[in-house]
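Structure, as structure tokens:
Read-outs: derived from the displayed coordinates by stated rules, not from any lab. Just so you know, these numbers come straight off a predicted model, no measurement behind them. Cβ placement follows ideal geometry from the backbone for every residue including glycine, while neighbour counts extend to all protein chains displayed.
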Amino acid sequence: MKLRFDAAQMQTPHPYRLKITDVEPDIAILTRTSWSVATPFDLMTSRLRMRPLTSDDETAFHKIAGQRSIARMLVNLEHPLSFDAAVKWQRQRRFTGRLGFMVGIFDRQNTLIGAIGLGGLSTALVYFLAESARGKGYGTEAVRAFLEYTQARFALTKTFAGVFTDNPGSRKILEGCGFQVLTTSTFQSPARDTPDAIWEMEWHRKGFEPI
Ligand SMILES: CC(C)(COP(=O)(O)OP(=O)(O)OC[C@H]1O[C@@H](n2cnc3c(N)ncnc32)[C@H](O)[C@@H]1OP(=O)(O)O)[C@@H](O)C(=O)NCCC(=O)NCCS
């Protein structure tokens, strides 16, 4: 693209206005990352919607994320959880078009019932539902749709999840999505008194399995 100053414009009240006189075709490159940064996250399933949380969701988010049954299954959520800590946790994971984010899970009534996200470097998957929303298949519905969508959007070749061995329901959800248990290790959840066993589970895109 060539630009030149238009001398006539120099005398106007806007002396530095540029006039584009000669525009050569430029190659506009839309990378996956620039597309993703510009494209909002809004995912619908038959019963659920997944979209970024806003400040209007903070109270509901705190109420859910503060449940001990959730913190026990996560490794990085403190318990008890203050309102400020919940807001900070949520804001640190705000969706910016890149990996390392969390979005809210909403039901048909637009009530926040949980959250789901993917970490940055390790692309670890994290999700949880309010106690009142469990046992209805929402977990399976949300995780399956979220993984399908994010794996395509971010061209993921692998995804990781750590599941405490007293959480067979979560393992079942992940196995249904193609995850496999790689190994068992121990981890300390802030909401547990002692380190406990965890299944390290991974999903690999076909053709990208470890050899
Ligand atoms: C994990 C969680 C999201 C599951 O949500 P959910 O909506 O209740 O899950 P679903 O209703 O889709 O059930 C999942 C499957 O697990 C099964 N399941 C549930 N509890 C189980 C148990 N104790 N043992 C064996 N299977 C179990 C269900 O029967 C269902 O199987 P099906 O599809 O064959 O019927 C929810 O329990 C939760 O938020 N837990 C706390 C946070 C958490 O564990 N996050 C995951 C960290 S890895």
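For the chain, modelled as a Gaussian network with Cα springs under 10 Å, which listed residue fluctuates most, ALA124, ALA161, ALA28?
Of the options given, ALA28 has the highest mean-square fluctuation.
Would you mind getting me the FRET efficiency between THR140 and LEU30? Use the beta-carbon distance for r and R0 = 35 Å, nearest 0.05. Write down the numbers at each step before the final one.
Numbers: r = 34 Å, r/R0 = 0.97.
The pair THR140/LEU30 has a calculated efficiency of 0.55.
Hey, how much of the P(r) for the stretch 139-180 falls beyond 12 Å, as a percent of Cα pairs? If you can, show how the numbers build up before the last one.
Details: 515 of 861 pairs.
Tail fraction, whole percent: 60.
Taking a ≥ b ≥ c as the square roots of the eigenvalues of the Cα gyration tensor of the stretch 91-202, is the shape rounded (a/c under 1.5), prolate (a/b larger than b/c) or oblate?
Working: a/c = 1.42, a/b = 1.16, b/c = 1.22.
Rounded shape, in that the Cα axes give a/c under 1.5.
For SER122, project a label point 7 Å along Cα to C-beta. Then give me every residue of the stretch 169-211 with its amide nitrogen under 16 Å of that point.
What the label zone holds, given the 16 Å backbone N cut-off, is 180-191, 195-203.
Using Cα pairs under 8 angstrom and six or more residues apart, how large is the relative contact order of the chain, in percent?
Details: 330 pairs, mean separation 35.8, N = 211.
So the answer I get is 17 percent.
What distance in nm separates the simple spin-label points at ASP42 and THR96, each placed 7 Å from Cα in the Cβ direction?
So the label points at ASP42 and THR96 sit 2.3 nm apart.
Among rounded, prolate and oblate, which fits the stretch 78-151 when a ≥ b ≥ c are the square roots of the eigenvalues of its C-alpha gyration tensor, a/c under 1.5 means rounded, and a/b larger than b/c means prolate? Intermediate values should be presented prior to the final figure.
Working: a/c = 1.77, a/b = 1.06, b/c = 1.67.
Oblate shape, in that a/c is at least 1.5 and b/c is the bigger or equal ratio.
What angle, in degrees between 0 and 90 and rounded to the nearest 10, separates the Cα long axis of helix 138-153 from the longest principal axis of the Cα atoms of the chain?
Orientation of helix 138-153: about 40 degrees from the principal axis.
Label-point separation (nm) for ASP196 and ASP84, each offset 7 Å from Cα along Cα-to-Cβ?
According to this spin-label approximation, the distance is 3.0 nm.
I need the per residue convex hull volume for the chain, using only the alpha carbons, in cubic angstrom as a whole number. Before the final figure, lay out each step's value.
Numbers: hull volume 40.1 nm³, N = 211.
Hull volume over Cα atoms, normalised by residue count, gives 190 Å³.
Among the DSSP beta bridges whose two residues both lie in the chain, what percent are antiparallel, rounded to the nearest 5?
95 percent
Hey, got a sec? Which trypsin sites (Lys or Arg not before Pro) in the stretch 51-92 land in a DSSP loop and have at most 15 other Cβ atoms within 10 Å? Display every interim value, and only then the final one.
Working: sites: LYS63, ARG68, ARG72, LYS88, ARG91; in loops: ARG72.
For trypsin sites (Lys or Arg not before Pro) across the stretch 51-92 that sit outside H, G, I, E and B with at most 15 neighbouring Cβ atoms in 10 Å, the list is empty.
For a protection proxy built on the mean count of beta-carbon atoms within 10 angstrom, sort 128-135, 140-147, 33-40, 79-86 highest first, please. Walk me through the intermediate numbers first.
On the way: 128-135: 16.8, 140-147: 19.8, 33-40: 11.0, 79-86: 14.8.
Going from most to least packed, we get 140-147, 128-135, 79-86, 33-40.
If one computes the Cα centroid of the stretch 76-116 and of the stretch 145-168, what distance in Å separates the two points?
17 Å
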